[in-house]
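The values are calculated or read from the model by the stated rules, or taken from the named source; none is laboratory data. A quick note: this is a predicted structure, and the numbers were derived from the prediction, not measured. Heads up, the Cβs are rebuilt from the backbone with ideal geometry, glycines too, and the neighbour counts pull from every protein chain shown.
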Amino acid sequence: MSAVDVKPPAAKTRAGTGGRRRFHPSAGSAQRWSLLVVIIGLVVLFGSLQSAFYNEKLIVFPLLREIAVFTVVGLAQLAVLSIGHMNLAVGRMAAFSAMFMGMAYELWHMPLYVGLLIGLVAGASIGGFTGWIIAATGVNSFVVTLAMDFALLGLVSLVYSEFTAAAAFTAKPAGMDEMRNLSLADLCAGDVCGSPAVPQMLVFTLIAMALVGYLYSRTRIGRELLLVGSNITAAELSGVPTVRRVVGAHAMSGALAALAGFMLAVTAGSFTAGIGGEFMIPSFLGPVLGGTLLTGGVVSIVGTLLGTSLVQVIRQGLTTLGIGLENLNIYLGVILLLALSTDRIRSVVAERKGVKP
Amino acid sequence: MTTQPILLAEKLEKVFPGVRALGGVNLTMAPGSVHALLGENGAGKSTMIKIITGVYRPDGGSLTLNGVERHFKSPHDAVIAGIGVVHQERNVVPEFSVAENMLLHQLPAKAGLVDREAMREQARRALDMIGLDVDLDEPVKGLSVAQTQLVEIAKALTTTDSKVLLLDEPTSALTLAETDRLLDVMRKLRDNGTSLLLVSHKLEEVFAIADTVTVLRDGESVLEAAPLGRFTTGEIVDLMVGRSHKASDFPARSVDRAQAPVLELDALSTGFGHRDVSLDVRRGEIVGLYGLVGAGRTELAKAVLGLDRIVGGGIRVAGKDVKIDNVGTALGRHHIGYVPENRKTEGLFLDQPLTMNIAVTVWARIRNFFGYVAKRRERDIAEHYVDRLGIKAAPRQFAGQLSGGNQQKVSLAKWLAADCEILIIDEPTVGIDVRTKAAFHELIWDLAADGMAILLITSDLPEMVTLADRIVVMRDSRVMGTVENSHHYGETSKAVIGLVHQTV
Amino acid sequence: MTGKDLMSRLRANRGSEPTLLVVGIVGYLALVLKSNGDLLEGNSIKGILIYLTVPILIGLAQLVVLAVGQMNLSVGALGGFLSVWIAALIVDSGLPPLLAAGIGIAGGALVGVVNGVLVVVTRINGFIVTLATMTILIGLQYRVAGTRTITLSDGWFTDFGSADVLNIPLIFIAALVVAAVLAFFLRRAVPGRRLLASGGNPLAARLSGISNDRSLILAHGLSGLIIGVAAVLTVMSAPGVNKSIGGDWLLPSFAAPIIGGAALAGGAVSVLGTILAAFIVRLVDVARAQYSLDPSLVNFTIGAVVLGTVVLGTIRENRAARAPKDPPKDTAKEAAPLAGSPS
């Protein structure tokens, strides 16, 4: 019986968003619909301003390929956001795994998919190891993944300078070039072929989304991850093996980062230490814009695709309009702030309407 | 007494949605005295404290401090006005020095800089008043709980004209020796003219120190500023619980005492500090675990669930020695469930739908080989328990949207869904209105009647007498004895309180 | 893993200044021996200290927000933007360097305050707010700098950047002055103490009438101010500034305070520890150069050291916890029963 019942200030709530809990069941899907509307609106806008925006081969194909890669990056972050953690090393885990894939192809001459598998295992291992450190020490995931980022950044560069001449594994196993270039136009049923705008690489993203989506919506483990993110004490007291779930979430993050690294390397044509260097910010943008909470407990897989699409469409659209890189980031930052503020305003309004916190 | 009261609360009222927490309570404190504020859980004591300390604003009535009517807007307002508060939990900045913590609310400054000399001097003066000898420059994190508490008392005295000092359950974390020390300090303060308002569950210390007493019951003051010397412990207890509590009219339920217990603790000692705790629960039996705050009951429950180290003795479930490492094992292998006391922080996932909240314990059972959990099955289970417990909400609503009573039902529902055979229920009706409380009692009764073994932890004595078959009394992490419940309130409560206050 | 747990765990790492000092001195002496005394030469010392200036300042900029349990991801982007902006004001607009520097520092403080206000008003996680401002600032930096490198013509401004007293660069002394002022502010000034109290125990702070919101805005503002100073010193000392300045500031800004013993949950900070940690990180870089090793080794070592500190701290604490201790309640039993038992 405490005499004082003072709300903890924002500085102290784990992610400062204690008030951002979404108590309205349909708020998430409303957010996704509005995202979709905004994306379509932007596509129409960019297309009407600059018809080249609809060029299938030069604009849409690379745009969709970017969306494919960065959605997987977003999912890698989503995996740890679901338990209320962060993975700042998401890019470096991709680089670490890509390094193994590069070695598998160049040094051990393995086929494409065996190499991918090795990379996924490497990613899951480093992610799981990170998760284990967090679970065993109880130290904030931010610190641990930040330190891991440093360590991997150094390690990966060391290995590349040790094993390669030009800091890149360039061996291309059979099928890699096709994977990069093929679109649905190369898939024909009789005379009917698909659109040349849709890269076949999107398949990886769809598989990843399906698996992650299945996990969170249909399985015990996925639900338990969300509960760990919601309230780890209550989860522990309800019999959820919380340590295993924390390790699992980080392992999944590592594996997804590995997949994203693979897709990026295939796009670029070589495996370098720089892979994943640009992953960190987009990895948060996609899920957060799509409705995944930083505090854990709520994820949206489709939202991650939409959030990532929004960012990439804006990026591509502004580039097509000839707006330079410099303004791009300004717009992206402003949009991010606006999107989050409106979200916050909406939840405040929802709370005022008599929903008890 | 003819002197002007230092603190006068008249006809205080506070209404929460659906509950009238205070209905015209009066409190009169004379200067230089120790006044005890007593009452059972839910009597309105904490609401009263929150009004006096500026956390809540009253809906009616007035608060007068030293002849001046006051309207506090924040806890800080109350402190500045001269109402010093020492909360039940420690509120200090661990890294800061003793002196700085004491003067944090009004750091003496010269040109924007902390005037350390003035700070030390003021702190020293206050510490001298209570006779505490600690290094002023030592960080508070290096002090014991008792020392920190005394520092907080001294802090309250640094407010230049602190007239009233409110102590909320000040001894709940203290040993007996430390308690004695605290009581000495309180006497000294009183003799120096400070008025103390003591809120405590521990009647022995109330009788040891208090001059006058106000007793609250059901949001009303049933005894107002009466000299304590006129009453016996028993009379005060009667006033607190009222005569209206009578044995429940639940259908009779008998326990077969001949059968073997399903849960036995055999001379259990834990890392927390429990020593030789033995108790047993049979099928269909409700065993109460009574004790004052800090007696180690919740900690005992958590040790049984594998959340604390067992350093001696053992646990037997259905006659077999078991080793429980975590809640998963307790639930999956031994069918033990635990409904925690603090439903918001430990029992519920507030931002998740009821389905998730209820089904969390059954996923392990209903999933298939691939970990697939059928949504339909999950929803059916959730709906079943929403129905059965009369939870007034749809399964897809979020737990955070529910009222306290419904939340508590959800917290219980997951263990029913898990088919528990042994259920440990910790303070099930704290902060729940009277009608829901009765429904809850009936529910627990029925569960036992259906054959569940229940270990009931509650500080609410009437509730205990209503429900329990036997009452195990704990104090300082040990079992003091067991009382057979006759379901006659006066008789059982006297026996229980006798055990609680029994000198060792 | 509550905030409280985290704090007590991280607190086990406190009092790390002596250790860091020993590590720094031993490391430096080892390098001196290895270099046959070359490192004792004036130019070597100057070289080490010049490149220590910015790491110290960005570490302090991060430290002051960590003190209230916040993070500032915009450290590097703000520093980069301010650097090119100050340079552009001098070169393009022809402003006097002193005025440009003043505008830059004020601008930094303003951006910091905006960060703080956004966090307080929207209640959005500071991580995301500063991520957004970071993105915006990177854009602004590109906009100002474009693809060019802005080089200042020689003058007193650049002279200051390369000047030294007894081989100690003036800009390094300036960084130490900032550190000293910050340390003094946090130790002695009333707002500084309030800021730390908010970080150490927001509830206790609030009960004492301290506004945690104000502390938070102040911390972000100070962070921006310090970055402003870092930007000015960068413009003074760097041969030229371009769009890539600040790009690699973010991670070191966290490494120095964390190795230096700051608790991520707020409340515990060590200015000296941050400086020593920055020095040790710098030594790793010097050693790398001495042994002609791969530059990536530095990052790897920093990462491994932080991870090691974290894991070792936990092991030490677990060992302490496992040591047999008397349950506190036991003493109660031996103690005399309470005087004046109930009648």
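Here are a few things to note about the model shown:
- Residue ID - farthest from B:I130 (Cα to Cα), chosen from residues in region B:180-200 that are surrounded by fewer than 21 Cβ atoms within 10 Å (Cβ to Cβ) and facing another protein chain (nearest Cβ under 9 Å): B:D180
- When B:G390, B:G451 are checked against the criterion of being touching a residue at least 24 places away in the same chain (Cβ under 8 Å) and in contact with an Asp or Glu (Cβ under 9 Å, 6 or more places away or on another chain), a single residue qualifies: B:G451.
- B:L456 crowded, with 23+ Cβ neighbours inside 10 Å, closer than 17 Å to B:D256 by Cα and of a type in the set (A, V, I, L, M): no
- Output for region A:77-117, where each listed residue is more than 19 Å from A:T267 (Cα to Cα) and part of a helix (DSSP H, G or I): A:Q77, A:L78, A:A79, A:V80, A:L81
- Selection of first residues in region C:222-242 that are in contact (Cβ under 8 Å) with a residue 24 or more places away in the chain and of second residues that are surrounded by 24 or more Cβ atoms within 10 Å (Cβ to Cβ) and of a type in the set (S, T, Y), restricted to Cβ pairs under 7 Å at least 6 apart or on distinct chains, gives the following pairs, ordered by first then second residue: C:A231/C:S83; C:L233/C:T53; C:T234/C:S83; C:V235/C:S83; C:V241/C:S83; C:V241/C:T234.
- Of all the criteria given as (1) in a helix (DSSP H, G or I); (2) without any contact (Cβ under 8 Å) to a residue 60 or more places away in the chain, the one not satisfied by B:S269 is (1).
- Scanning region B:358-398 for residues that are at the interface with another protein chain (Cβ under 9 Å from one of its Cβ atoms), over 12 Å from B:L416 (Cα atoms) and in a helix (DSSP H, G or I) returns B:W363, B:A364, B:I366, B:K375, B:E378.
- Taken together, the criteria place A:Y216 among residues that are in contact (Cβ under 8 Å) with a residue 12 or more places away in the chain, surrounded by fewer than 22 Cβ atoms within 10 Å (Cβ to Cβ), hydroxyl-bearing (S, T, Y) and within 14 Å of another protein chain (Cβ to nearest Cβ).
Rundown of residues vs (1) of a type in the set (F, W, Y); (2) within 13 Å of chain C (Cβ to nearest Cβ); (3) surrounded by fewer than 22 Cβ atoms within 10 Å (Cβ to Cβ), yes/no style:
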| residue | (1), (2), (3) |
| --- | --- |
| A:G74 | no, no, no |
| A:H85 | no, yes, no |
| A:R92 | no, yes, no |
| A:L117 | no, no, yes |
| A:L152 | no, yes, no |
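- Matching entry among C:L203, C:L225, C:L251, C:L216 (being within 14 Å of chain B (Cβ to nearest Cβ), in a helix (DSSP H, G or I) and closer than 30 Å to C:R123 by Cβ): C:L203
- Of all residues in region C:156-178, those that are without any contact (Cβ under 8 Å) to a residue 12 or more places away in the chain and of a type in the set (A, V, I, L, M) have Cβ atoms under 8 Å from Cβ atoms of residues that are part of a loop (DSSP other than H, G, I, E, B) and surrounded by fewer than 18 Cβ atoms within 10 Å (Cβ to Cβ), 6 or more apart or on another chain, in C:L170/C:A163.
- Set B:D351, B:D325: member being in a loop (DSSP other than H, G, I, E, B), buried (at least 18 other Cβ atoms within 10 Å of the Cβ) and more than 14 Å from chain C (Cβ to nearest Cβ): B:D351
- Segments classed as helices (runs of 4 or more DSSP H), wholly inside region A:122-232, with at least 2 members that are at pLDDT 90 or above and of a type in the set (G, A, S): A:202-218, A:220-230
- Single condition C:G126 does not satisfy, out of (1) among the small types (G, A, S); (2) surrounded by fewer than 22 Cβ atoms within 10 Å (Cβ to Cβ); (3) at pLDDT below 85; (4) under 30 Å from C:L276 (Cα atoms): (2)
- Note on region B:339-371: residues that are of a type in the set (F, W, Y) and over 18 Å from A:V299 (Cβ atoms) amount to 2.
The rows are residues; the columns are (1) within 30 Å of A:L289 (Cα to Cα); (2) at the interface with chain A (Cβ under 9 Å from one of its Cβ atoms); (3) touching a helix residue (DSSP H, G or I) at 6+ places or on another chain (Cβ under 6 Å).
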{"residue": "C:G102", "(1), (2), (3)": "no, no, no"}
{"residue": "C:G108", "(1), (2), (3)": "yes, no, yes"}
{"residue": "C:I124", "(1), (2), (3)": "yes, yes, yes"}
{"residue": "C:F160", "(1), (2), (3)": "no, no, yes"}
{"residue": "C:I173", "(1), (2), (3)": "no, no, no"}
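- Residue in region B:459-475 that is touching a helix residue (DSSP H, G or I) at 6+ places or on another chain (Cβ under 8 Å), of a type in the set (S, T, N, Q) and surrounded by fewer than 20 Cβ atoms within 10 Å (Cβ to Cβ) present: no
- Just so you know, in region B:44-60 the residues that are in contact with an Asp or Glu (Cβ under 7 Å, 6 or more places away or on another chain), within 11 Å of chain A (Cβ to nearest Cβ) and not in a helix (DSSP H, G or I) include one that is surrounded by the most Cβ atoms within 10 Å (Cβ to Cβ), and it is B:G54.
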